[in-house]
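Structure first, commentary second.
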Amino acid sequence: MSTKTKKPMPTKPKVAAAKKPKPQKPAAPAVADAQGQPPKPTGGRATPQTPRGMRDIVPSEQRYWRHIYKKVEELTAAYGYERLDTPILEETGLFVRSAGKQSDVVEKEMFSFIDKGNENVTMRPEGTAPMVRAYINHGMVNLPQPVKLYYWGPMFRYERPQHGRFRQHNQFGVEVFGDASPVQDCEVILLAHLFYKELGIKTAIHINSLGCGQCRPGYQAELSAYYRSKRSQLCEDCKRRLAKNPLRLLDCKEASCQPIKETAPHIVDFLDEECKNHLMRVLEYLDDLQVPYVLNPHLVRGFDYYNRTVFEIMLADENPESGQVALGGGGRYDNLVEQLGGRPTPACGFGIGVERVILQLKAQQIEPQEDRRPDIFLAQLGDQARRKAFMLFEELRASGVHAAANFSKGALKGQLEIANRLGAKYTVILGQKEVLDGTILIRDMESGMQEIVLYDKAGMEIKKKLGKA
Ligand code: HAM
């Protein structure tokens, strides 16, 4: 007899994923869209498409991803960060407890579902809460602090897709645990700044402080009173926000609410001495390091976990009210580890949207520089030659030579065209004559010089030419 106790059904938070999405009728673009996605086929048998707001990363796009990830590895290694990967699925409660019930992400944007074991799970909409969970789960509080971590991977938000806004996007993020000092805020901001700068994109950091549990309530009361006096002019969403979370009023993107925001009180006028000091010291460090920033007194972030420093990375020279999407964002969250059941541990970090980086690289015509030209292309004619070329290819590859070939092509002309297109430095030609003679022909693709060498010595001769012997 089974002694299994039945788990109670978890209470289902109010999340959008339960709603059935309306059927979409996307217009078929005639050419690839701005993100390089192909036109939707018309007519014929219907082919399944990627879900709305989600994209394939096709081979021609991959060089951008390699280029960006290389920069991520360079910077994180230089500043002593280690990679930590968390699963894509987490308990829904992790995000409800961290981001806040009234955050847009939890209220409207989570891909949540009940799995076959009756667990309420969510495809992670962001990386901070999972990193905090992992920090606690793995007892990292016992390691020498600070613990500096980074991540790279997909996030899921059920948003209305538009330019630079996807339902699946990827983030590079860092999270630092166990250091409350302003110099750590500065290091994190510097990393975000350097990341963009070294990719060739000029940014400015928009920065603000959200104070702490002591000084923020005074500001919130003042802000509520201010907005209540303008209630009739507010959009419907803001009227709702007024009752639930007045700080979110400052995040409204509705044009009609912007003039009201402009004259709203500033939180910096309400910060207590410690919070004010913390902000001043972060700014001093940024000045020392010549990191350009803009003090933005109305900057609030979309999650409840932040305190003190918050920041967003925007294109330089961009008007903060222009509706420009952020290239990244982050801040301090000194209470989240404790809130999720860990020992009190200060922390801060940021997340950067990789797709938005790529859009900027393309808009600014910044080409990723990488040399993937093969050292050598092996061309062959006839079955015997193909077998010998294949063996030589494998010998070269195993000894560190970047070799290329196309064994399914028969004609020499087609193969030489490929060798040219790939920009191979040398081409090896193995025809029937060479098979009979036990030789190969090596052609220097730049000078056109040709040389015949014995097949048995081919590997060594090629490596000598490449300086790899
Ligand atoms: P976030 O501002 O929600 O912060 O997201 C970080 C970045 O991810 C954004 O600035 C943007 O570049 C990109 N992003 C967000 N949503 C989308 C989307 N739908 N499509 C394309 N890109 C998007 C966080 O997620 C925090 N966890 C950051 C953080 C880390 N705070 C402290 N540590």
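The values are calculated or read from the model by the stated rules, or taken from the named source; none is laboratory data. Keep in mind the model is a prediction, meaning the values are calculated, not measured. Note that we place each Cβ from the backbone using ideal geometry, even for glycine, and neighbour counts take in every protein chain shown. Accessible surface areas use protein heavy atoms only, side chains included; no ligands, DNA or RNA. Shrake-Rupley method; radii C 1.70, N 1.55, O 1.52, S 1.80 Å.
Got a number for carbon plus sulfur as a percent of the chain's accessible area, 1.4 Å probe?
Heavy-atom surface of the chain belonging to carbon and sulfur, 1.4 Å probe: 52 percent.
Roughly how many Å² is the accessible area per residue of the chain, as a whole number, for a 1.4 Å probe? It would help to have the intermediate numbers written out before the result.
Working: 24610 Å² over 469 residues.
Per residue, the chain has an accessible area of 52 Å².
Using 0.36 nm per residue of separation minus the Cα-Cα distance, give me the extension gain between Met449 and Lys244 in nm, one decimal.
Values: separation 205, 0.36 × 205 = 73.80 nm, distance 7.69 nm.
Once the chain is fully extended between Met449 and Lys244, it gains 66.1 nm.
Are there trypsin sites (Lys or Arg not before Pro) in the range 247-297 that DSSP puts in a loop and that have at most 15 other Cβ atoms within 10 Å, and which ones? Mind showing how you got there, number by number?
Working: sites: Arg248, Lys253, Lys261, Lys276, Arg281; in loops: Lys253.
Listed in order of number, the matching sites are Lys253.
So if I restrict to the alpha-carbon atoms in the range 221-277, what is the Rg, and what is Dmax, the biggest pairwise distance, in Å?
Here Rg and the maximum Cα pair distance are 12.0, 37 Å.
Amide H of Asp272 versus every other amide H placed in the peptide plane: which residues, excluding those fewer than 5 positions away on the same chain, fall under 5 Å?
Correct list: Cys212, Cys215.
Considering only Val291, His206, Pro368, whose Cα is most displaced toward the positive end of the charge dipole of the chain, charges sitting on Cβ of Lys, Arg (+1) and Asp, Glu (-1)?
Towards the positive end, the residue furthest out is Pro368.
Quick one: work out Rg over Rh on the C-alpha atoms of the range 159-271, Rh as Kirkwood radius. Mind showing how you got there, number by number?
Numbers: Rg = 17.6 Å, Rh = 17.1 Å.
My calculation of the ratio gives 1.03.
Want the number for Lys253 to His138: 0.36 nm per residue separation, take away the alpha-carbon distance, what's left?
Values: separation 115, 0.36 × 115 = 41.40 nm, distance 3.95 nm.
Gain on extension, Lys253 to His138, equals 37.4 nm.
For the chain, give the magnitude of the charge dipole about the Cα centre (Cβ charges: +1 Lys/Arg, -1 Asp/Glu; no others), in debye to the nearest 20. Show your work: numbers first, answer last.
Values: 67 positive and 57 negative charges, 457 e Å.
Roughly 2200 debye for the chain.
What are the extents of the Cα atoms of the chain along their three principal axes, in Å, largest first?
The principal-axis extents, from largest down, are 93, 59, 58 Å.
Once Rh is set to the Kirkwood radius over Cα pairs, what Stokes-Einstein translational diffusion coefficient, in µm²/s, holds for the range 46-166 at a temperature of 10 °C and a viscosity of 1.306 mPa s? If you can, show how the numbers build up before the last one.
Working: Rh = 16.8 Å.
Rounded, D is 95 µm²/s.
With Rg and the Kirkwood Rh both taken from Cα atoms, where does Rg over Rh land for the range 308-397?
Numbers: Rg = 25.6 Å, Rh = 18.8 Å.
Reported Rg/Rh, Kirkwood definition of Rh: 1.37.
Sort the range 138-222 into rounded, prolate or oblate with this rule: let a ≥ b ≥ c be the square roots of the eigenvalues of the Cα gyration tensor; rounded if a/c is under 1.5, and if a/c is not under 1.5, prolate when a/b is larger than b/c, oblate otherwise. If you can, show how the numbers build up before the last one.
Details: a/c = 1.45, a/b = 1.16, b/c = 1.25.
Since a/c stays below 1.5, the shape of the range 138-222 is classed as rounded.
Quick one: helix 383-398 against the long Cα principal axis of the chain, what's the angle to the nearest 10°, folded into 0 to 90?
Between the helix axis and the principal axis of the chain, the angle is about 50 degrees.
Using the reciprocal of the averaged 1/r over all distinct C-alpha pairs, how large is the Kirkwood radius of the range 95-152 in Å? Intermediate results must be reported in sequence, preceding the final value.
Values: mean 1/r = 0.0757 Å⁻¹.
Taking the inverse mean of 1/r over all distinct Cα pairs, the range 95-152 comes out at 13.2 Å.
Round to a whole angstrom and tell me the spacing of the C-alpha centers of the range 82-101 and the range 342-395.
Taking the Cα centre of the range 342-395 as reference, the centre of the range 82-101 is 30 Å away.
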